[in-house]
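**Student:** Could you have a look at this structure, given as structure tokens, before my questions?
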2 protein chains.
Amino acid sequence: MMSVAFLGIGWFLADYIRGQGKQVDTGSTMPLSQAIPPQHDTSPTNLQAAWADFKAVVGEENISTTDDDLTSHAGSEWSSYPSLPGDRPFAVIKPGSTEDVSKIMKICHKRRIPVTAYSGGTSLEGHFAATRGGICIDFSRMDKIFKLNKEDLDVVVQPAVGWESLNEELAEQQLFFPPDPGPGAMIGGMIGTGCSGTNAYRYGTMKDWVLSLTVVMADGTVVKTKQRPRKSSAGYDLTRTFIGSEGTLGLVTEAVLKVTPLPQNTRVAVCTFPTIRTAADCVFSVVGAGVPIAAIEILDDVQMRCINDSGTTRRSWQEVPTLFFKFSGTPTAVKEHISMVQGLAKRSGSKTFEFAKNKEEGDELWSARKEALWSVMAKKRDASDHVWTTDVAVPISRLADIIGETKDDISKSGLVGSIVGHVGDGNFHAIILYNDAEHDVADRVVHRMVKRAIEMEGTATGEHGVGIVKRDYLPHEIGQEAVDLMRKMKQAFDPLCLLNCDKIVRVQQPKPGEVQEW
Amino acid sequence: MMSVAFLGIGWFLADYIRGQGKQVDTGSTMPLSQAIPPQHDTSPTNLQAAWADFKAVVGEENISTTDDDLTSHAGSEWSSYPSLPGDRPFAVIKPGSTEDVSKIMKICHKRRIPVTAYSGGTSLEGHFAATRGGICIDFSRMDKIFKLNKEDLDVVVQPAVGWESLNEELAEQQLFFPPDPGPGAMIGGMIGTGCSGTNAYRYGTMKDWVLSLTVVMADGTVVKTKQRPRKSSAGYDLTRTFIGSEGTLGLVTEAVLKVTPLPQNTRVAVCTFPTIRTAADCVFSVVGAGVPIAAIEILDDVQMRCINDSGTTRRSWQEVPTLFFKFSGTPTAVKEHISMVQGLAKRSGSKTFEFAKNKEEGDELWSARKEALWSVMAKKRDASDHVWTTDVAVPISRLADIIGETKDDISKSGLVGSIVGHVGDGNFHAIILYNDAEHDVADRVVHRMVKRAIEMEGTATGEHGVGIVKRDYLPHEIGQEAVDLMRKMKQAFDPLCLLNCDKIVRVQQPKPGEVQEW
């Protein structure tokens, strides 16, 4: 009798019933040893029946099972996670509304079908790999900007709005939305990864620019996290709980974003240095002096060469370590800030300090920075080459050390790899070119870079998120107890582990050899 | 056999076992109907035995059971929650370290003893009322500033460090910590309520100034939420999960706070208006224009009179609606900002615009603002008078409406009540004087103010937190599903509901008549 009643009741409770759980149930965390594998049902019969259910919700035209769609919705050529052949959804479903998503999740919940969410597909760490099969929910039809509350400086959007098109719309009202991750990223995924970009030093990250979310939970329940006040201390910060949760706690179907007036005057300057360490030292002194610059980016000699070679800018650059600065504010303020930074750069040993001549050159220069990944991808020798983009962040006092050591390590590895990053936050990227034969070399370079960051009291990822690739670094970074607490949260929100299962926290023991040695 | 195994297993699972929970256990939220009352053990025998356990951890000298201590650790004269005679802990325990707190929680977890946390005791909504008896953990011995990482602009502190003394220390290094709630507040409670203050418009709230927390969970597990990078997207945002959780999810025993350079030049200006609505309109236009002022505060005629009457400033003020502005930045920037604000104020109908003559006058003026609550308390007619301080926040476009309507409502009620607030965030307070006979009148005024805010897409509290008093507004503000999700979180982190039980979310059905009609 009991065993029937408890069928399919999820990893946590099933465990409890097996009699190992006496300590778990009153505990605040959930060690992996006490979790049991999720019990999904991806049998052909169940999926076939679900297909008919999905069709009743979104119509046949919004369900795809073509090979191309299934592949492109489970991985990408810029992802550092090598999609396994089995990591594919059985169908891609395109809902048109929050209500659709809720109905889809109710079906999946009833039928125990796992789900991955997809918007821009620009994430890097295997975030949308379909490790459990199931379905992919593609938000592309939910791409509307619903309402701009200009007076309140907020805007209501759907998850498949891109940050670039949003900013085009906002610019007409002299407003903008600061988070600027890679080109093509969309609000849904940006919330998922808690992304940032070049504007984060001045404006903060995605975490700071979301007022409220509408979220569909694993069982189809629709939750709105907040109304529209700028400030609230009413209850737990559910909004923030979902930001950076990588689609593992709920599916974002609507967001209220803050916006801000477009800066009136912006100037861009470029400053070259003899070594990457002197450039990083300059960042440290500018940040320490509290100069309110708009952005500060580092690009190493390799990256500058890639930009030259890719021909994405009309001018050609010195192929040396370079800082890009953005200044904004009133004309007087910009002038003051520039003069302060020029002085500090000189003291750090800068060689040249020049301004973009006009707005166009400034924009072009900045877009070159944004195209860093693509300019390295353009260096691919042939189709078997891949690009591994990874990021870490450290307390600013350790920035010069970690950049210097990482650059040395890349050089020693024999691979082509550039350093580029939002260094005002202590955050930088390595973009590494490798082919299948070089995979393990690249993997070790990344591993050492992450280890270095964590040992310097930093983080395995400043803005890309954990996905699958950085999952096993979390215990080293924040400790096993914090990871066990995250697993407890995951279990509370999604007891059947339907939502993006296997991302951020493991829900079952790794196979032997699966976790790299620390 | 089963029933023995499931003894004392917490509200959620016990419910499941009772056979009502088939839907709950796989669901993402926890409706109140599916919770059962916590099963604490506050029997004299258990508490006596626990006393010996606590003594072994902290020593007898750090356990108090005096009547005065028990009373002062369960309520205050400025709290809007009328402590009931039974709302008292049986002992106040003073741990000296994270390890002590962990040991204490392990004892409470084993013995099912509920716990409230106490640091500054300045909270307003019944946050530390001991509704379930048990023990109070007083953090007063944990009051150290451990380490200032000057280069990284962060500082490691214990929970009983006050924000005022922290700033005195930081000022020696030309640094400061912006969140500035009521005098006497301490870091632990500031994290608990997700507080803010006058600096929030420019610098953000407590939520923005905490890098990492060490937290003791309900079962004694110690969790560190993060290392020290300024930016991270590694896993769920545990830090933010605890901020604003009012001691219901875990006990903060250490915090890494961000700090920032002290502004070089600060000027304070005072601007009077014919009506509270014109003053609020001016706020709206200044905020809309994006002038980067440091702070903007509103004080109504009643509040200005209270300040005059209390004699806390040497000068005497016009008793009319007044905006206080703070400007900071480089001398040129301050000049620019002042001139912009002067123009906007004039267009909004300001009557006067004058500057504090010097730093001393500016400081004094600002301290008058900070003493608002105390200056109203000074108006008490006799010992039977109380002061009810409440706050709400709305989208800035609704600020003039809600302040105007609330002021009218207070006038009509016949009570003395002032309006004062951090209006740049759309956040303001009412401070209402009442005696026992007037309690229900005050209660209705507050109720209507909160209802008004929620109906304007605002929040029941911008910075004070929910506690007990605003708990039943949450479903109206964010919806029942979001509250049920909060309850699910609470249950996951604290299955036995030991930590500040009854705050933020209910864990058992209210008695008839306990919840006000909407």
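The values are calculated or read from the model by the stated rules, or taken from the named source; none is laboratory data. In this text the structure is predicted, and so the values were computed from the model without any measurement. All Cβ positions, even for glycine, are placed from backbone atoms using ideal geometry, and neighbour counts span all protein chains on display. Each accessible area value is taken on the protein alone, full model and side chains, heavy atoms only, with ligands, DNA and RNA left out. Shrake-Rupley method; radii C 1.70, N 1.55, O 1.52, S 1.80 Å.
**Student:** Do you know which of the residues in the stretch A:100-139 that are within 12 Å of chain B (Cβ to nearest Cβ) and part of a loop (DSSP other than H, G, I, E, B) is least open to solvent (accessible area, probe 1.4 Å)?
**Tutor:** A:125
**Student:** Being over 30 Å from residue B:478 (Cα atoms) and open to solvent by less than 40 Å² (accessible area, probe 1.4 Å) narrows it down to one of B:342, B:303, so name that one.
**Tutor:** Answer to the selection: B:303.
**Student:** I would also like to ask the following. Which number in (1) away from chain B (no Cβ under 12 Å); (2) within 28 Å of residue A:426 (Cβ to Cβ); (3) open to solvent by 20 Å² or more (accessible area, probe 1.4 Å) marks the one condition that residue A:176 misses?
**Tutor:** For residue A:176, the exception is condition (1).
**Student:** Please go through the stretch B:321-336 and pick out each residue that is within 14 Å of chain A (Cβ to nearest Cβ), open to solvent by 20 Å² or more (accessible area, probe 1.4 Å) and not polar (S, T, N, Q).
**Tutor:** Listed by number, the residues that qualify are B:329, B:331, B:335, B:336.
**Student:** Quick one: in the stretch B:84-132, which of the residues that are within 17 Å of the chain's Cα centre (by Cα) and not small (Gly, Ala, Ser) is nearest to residue B:470 (Cα to Cα)?
**Tutor:** B:125
**Student:** Where the second residue is at pLDDT 90 or above and assigned to a loop (DSSP other than H, G, I, E, B) and the first is hydroxyl-bearing (Ser, Thr, Tyr) and open to solvent by 60 Å² or more (accessible area, probe 1.4 Å) and lies in the stretch B:17-37, which pairs have Cβ atoms under 8 Å and are six or more apart or on separate chains?
**Tutor:** So the pair list comes out as B:33/B:509.
**Student:** Please go through the stretch A:476-501 and pick out each residue that is part of a loop (DSSP other than H, G, I, E, B) and touching a Gly at 6+ places or on another chain (Cβ under 9 Å).
**Tutor:** Hits for the stretch A:476-501 are A:494, A:495, A:496, A:497, A:498, A:500, A:501.
**Student:** If you don't mind, another one. Residue by residue through the stretch B:231-255, note down the ones that are under 15 Å from residue A:236 (Cβ atoms) and assigned to a strand (DSSP E or B).
**Tutor:** Across the stretch B:231-255, the qualifying residue is only B:252.
**Student:** Tally up the residues in the stretch A:399-436 that are of a type in the set (Val, Ile, Thr) and over 23 Å from residue A:196 (Cα atoms), please.
**Tutor:** 2
**Student:** Is it the case that the stretch A:55-74 has a residue that's under 30 Å from residue A:438 (Cβ atoms) and part of a loop (DSSP other than H, G, I, E, B)?
**Tutor:** The answer is yes; a qualifying residue exists.
**Student:** State the number of residues belonging to the stretch B:438-470 that are part of a loop (DSSP other than H, G, I, E, B) and either open to solvent by 10 Å² or more (accessible area, probe 1.4 Å) or in contact with a strand residue (DSSP E or B) (Cβ under 7 Å, 6 or more places away or on another chain) (or both).
**Tutor:** The number of residues fulfilling the criteria is 10.
**Student:** Does residue A:182 count as of a type in the set (Gly, Ala, Ser) and either assigned by TED's automatic domain parsing to the domain that holds residue A:392 or at pLDDT 95 or above (or both)?
**Tutor:** no
**Student:** Let me ask something additional. For residue A:473, all conditions in the list (1) open to solvent by less than 40 Å² (accessible area, probe 1.4 Å); (2) of a type in the set (Phe, Trp, Tyr); (3) not in a helix (DSSP H, G or I) hold save one; what is the number of the exception?
**Tutor:** Result: residue A:473 fails condition (3) only.
**Student:** Give me a count of the residues in the stretch A:366-385 that are open to solvent by 60 Å² or more (accessible area, probe 1.4 Å) and among the aliphatic types (A, V, I, L, M).
**Tutor:** Looking only at that region, the number is 2.
**Student:** Take the stretch A:212-230 and flag every residue that is within 7 Å of chain B (Cβ to nearest Cβ), open to solvent by less than 10 Å² (accessible area, probe 1.4 Å) and in a loop (DSSP other than H, G, I, E, B).
**Tutor:** The answer is A:217, A:218, A:225, A:229.
**Student:** If residue B:204 passes every condition in (1) touching a residue at least 40 places away in the same chain (Cβ under 8 Å); (2) under 25 Å from residue B:359 (Cα atoms) but one, which one does it miss?
**Tutor:** (1)
**Student:** Go through the stretch B:192-202 and count every residue that is more than 7 Å from chain A (Cβ to nearest Cβ) and outside any loop (DSSP other than H, G, I, E, B).
**Tutor:** Going through the stretch B:192-202 one residue at a time, the tally reaches 3.
**Student:** Determine which single condition residue A:205 fails, assuming it passes every other condition in (1) open to solvent by less than 30 Å² (accessible area, probe 1.4 Å); (2) among the polar types (S, T, N, Q); (3) more than 7 Å from chain B (Cβ to nearest Cβ).
**Tutor:** (3)
**Student:** For the stretch B:411-437, what are the residues that are aliphatic (A, V, I, L, M), part of a helix (DSSP H, G or I) and either in contact with a helix residue (DSSP H, G or I) (Cβ under 6 Å, 6 or more places away or on another chain) or not assigned by TED's automatic domain parsing to the domain that holds residue B:296 (or both)?
**Tutor:** Listed by number, the list holds a single entry, B:423.
**Student:** Taking the stated definitions as given, is residue A:472 out of contact with any helix residue (DSSP H, G or I) (no Cβ under 6 Å at 6 or more places or on another chain) and either small (Gly, Ala, Ser) or modelled with pLDDT under 95 (or both)?
**Tutor:** no
**Student:** Condition first: among the charged types (D, E, K, R) and either crowded, with 20+ Cβ neighbours inside 10 Å or not assigned by TED's automatic domain parsing to the domain that holds residue B:106 (or both). Now tell me which residues in the stretch B:42-57 satisfy that.
**Tutor:** Once the filter is applied, which keeps residues that are among the charged types (D, E, K, R) and either crowded, with 20+ Cβ neighbours inside 10 Å or not assigned by TED's automatic domain parsing to the domain that holds residue B:106 (or both), the stretch B:42-57 yields nothing.
**Student:** Also, I was wondering about something else. Could you list all residues from the stretch A:276-300 that are part of a helix (DSSP H, G or I), within 14 Å of another protein chain (Cβ to nearest Cβ) and open to solvent by 50 Å² or more (accessible area, probe 1.4 Å)?
**Tutor:** A:281, A:284
**Student:** Could you tell me whether residue A:370 is touching a Pro at 6+ places or on another chain (Cβ under 7 Å), farther than 20 Å from residue B:333 by Cβ and of a type in the set (D, E, K, R)?
**Tutor:** So residue A:370 passes the test.
**Student:** Name the one entry in A:189, A:184 that is more than 10 Å from chain B (Cβ to nearest Cβ) and on the phi < 0 side of the Ramachandran plot.
**Tutor:** Going through A:189, A:184 in turn, just one is more than 10 Å from chain B (Cβ to nearest Cβ) and on the phi < 0 side of the Ramachandran plot: A:189.
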